[in-house]
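Colleague: Here it is: the structure, laid out below.
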Amino acid sequence: MTDPVGAFCAELRNLVRSSGLSANAAARRLHLSRSQFYAIINGEVRRPPDWGKVETLIRLCDEDDAAVAAWRTRHDRMIREYDELRVQQREAGTLEEPEEPEEPEEPEEPEEPEEPEEPETPDGPAAEPGGARRRKLLLVAAVIVAAAVALVAVVLGVRDTGGEGSAAAGGATQAPTRTASPAPTGTASPAPTGTASPAPTAMGAEDDGSTACVSGPPAPGTALLTVPRDPKAGVPKTQETWWASNSHVTLFGVGPSGFSADVVGGTEHDYSLVVLHGCIPLIARHRYTLIFTASATPVGSALVRVQNSRNQIETGSFQDVVHLTAQPRPFTYTFEAAVTSNSSELTFQVGGQPDDFRLTLTGIGLTEQA
């Protein structure tokens, strides 16, 4: 009987390759390392892979419910064949022991620390040379420390003597008072008062770009990506269309309702590269609808997120991971705004992909529900 686990894993490998799913994206969703993911699809595991992870992997490959059910049948058949093969091997005396762990997800065992050298003992002829050397080193170190202490004492004594002589002359006792005291009062105090306070206010408004978002919340049903604003030179967040946070993203075909982007792979996090549209007015606890159609070649994933331009991490209203396929797919979301702000942002975080890819989004719309 052929190896049922290896045959099943080979079918999984063919599915992953045909779907274009990246190893990084799959391993991240399966909570595995890349090496553990490759061990599964390359058939290097000895026990059947868990069905829960197999199902997740199949759905990442954009398979429908019928395909998932067919894969479940294959998985059950593989389990039966695996059990039958083990019975045959046990009867023939060829079953390998010890058995391998069921899952390839266990982290690699850390290297064992090197055994510490046994301490030298004063007993026995073998310990005497090492002990003698250690005593000599300790003696030299003690001499050096004593010399250093003596030198410090001499230096301090010279300084004390010089101070007394100067005091006797009548002009040194007032010198520390005249030089040390005025310096903090005359130079340090005015600096924070005159320069530091206004800076955060001016820079915060400029960096945030919220002062350009002059439009209040429009009537429900209004296209929020086209509300008026006052663009500021050098502040990309105030632009009237989409823009990218990094030169590793090249935008083209840009309009209020869509864009295409060539994205460079190899960044570490999804938020390393961001495409966003700013100056979106939202009202806390009001409900909104977001729609768009997305595709990517090769396939990958992106994080769509609605947030405020200030304290983005703490003011998120909505986010979801979008699985991108070569065929355009429509997406519709409804969410409730977390804060009231004229400077909210709709972002597509496209970093964290292993390879370069092209992203296309069309029909992007954001409106308040009536």
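The values are calculated or read from the model by the stated rules, or taken from the named source; none is laboratory data. Here the structure is a predicted model, which is why all the values come from computation and not from measurement. When we count neighbours, we look across all protein chains shown, and the Cβ atoms used for this are built from the backbone with ideal geometry, even at glycine.
Colleague: Please verify whether A25 is in the same structural domain as R72 (by TED's automatic domain parsing), touching a Ser or Thr at 6+ places or on another chain (Cβ under 6 Å) and under 28 Å from G266 (Cα atoms), treating the condition exactly as stated. Don't jump to the end; show me each part of the working.
Modeller: Working: in the same structural domain as R72 (by TED's automatic domain parsing): yes; touching a Ser or Thr at 6+ places or on another chain (Cβ under 6 Å): yes; under 28 Å from G266 (Cα atoms): yes.
So A25 fits the description; yes.
Colleague: Just to be sure before I move on: is S309 buried (at least 16 other Cβ atoms within 10 Å of the Cβ), over 29 Å from N24 (Cα atoms), hydroxyl-bearing (S, T, Y) and touching a residue at least 60 places away in the same chain (Cβ under 8 Å) in the structure I sent?
Modeller: The answer is yes for S309.
Colleague: Looking at the stretch 6-26, which of its residues are crowded, with 18+ Cβ neighbours inside 10 Å and free of Cβ contacts under 8 Å to residues at least 40 places away in the same chain?
Modeller: A26
Colleague: Restricted to the stretch 1-37, and to residues that are assigned to a helix (DSSP H, G or I) and in contact with a Pro (Cβ under 6 Å, 6 or more places away or on another chain), which residue is nearest to T94 (Cα to Cα)?
Modeller: For the stretch 1-37, the residue satisfying everything is V5.
Colleague: Of the residues that make up the stretch 296-308, is at least one in a loop (DSSP other than H, G, I, E, B), farther than 29 Å from S33 by Cα and either among the charged types (D, E, K, R) or over 17 Å from the mean Cα position of the chain (by Cα) (or both)?
Modeller: Scanning the stretch 296-308, I find no residue that is in a loop (DSSP other than H, G, I, E, B), farther than 29 Å from S33 by Cα and either among the charged types (D, E, K, R) or over 17 Å from the mean Cα position of the chain (by Cα) (or both), so the answer is no.
Colleague: To continue, here is another question. Determine which single condition D262 fails, assuming it passes every other condition in (1) charged (D, E, K, R); (2) modelled with pLDDT of 90 or more; (3) surrounded by 16 or more Cβ atoms within 10 Å (Cβ to Cβ).
Modeller: If we test D262 against (1) charged (D, E, K, R); (2) modelled with pLDDT of 90 or more; (3) surrounded by 16 or more Cβ atoms within 10 Å (Cβ to Cβ), just (3) comes out false.
Colleague: In a helix (DSSP H, G or I), within 32 Å of the chain's Cα centre (by Cα), surrounded by 13 or more Cβ atoms within 10 Å (Cβ to Cβ) and modelled with pLDDT under 85 - does that describe any residue in the stretch 80-90?
Modeller: Here is the first cut: in the stretch 80-90, the ones in a helix (DSSP H, G or I) are 80-90.
Narrowing the set further to residues that are within 32 Å of the chain's Cα centre (by Cα) leaves none.
Checked the stretch 80-90: no residue is in a helix (DSSP H, G or I), within 32 Å of the chain's Cα centre (by Cα), surrounded by 13 or more Cβ atoms within 10 Å (Cβ to Cβ) and modelled with pLDDT under 85.
Colleague: Got a sec? Which of T250, T293, T267 is part of a strand (DSSP E or B), touching a residue at least 60 places away in the same chain (Cβ under 8 Å) and of a type in the set (V, I, T)?
Modeller: T293
Colleague: The conditions are (1) more than 29 Å from R34 (Cα to Cα); (2) out of contact with any Ser or Thr (no Cβ under 6 Å at 6 or more places or on another chain); (3) of a type in the set (S, T, N, Q), and Q353 fails exactly one of them. Which is it?
Modeller: Among (1) more than 29 Å from R34 (Cα to Cα); (2) out of contact with any Ser or Thr (no Cβ under 6 Å at 6 or more places or on another chain); (3) of a type in the set (S, T, N, Q), Q353 violates only (1).
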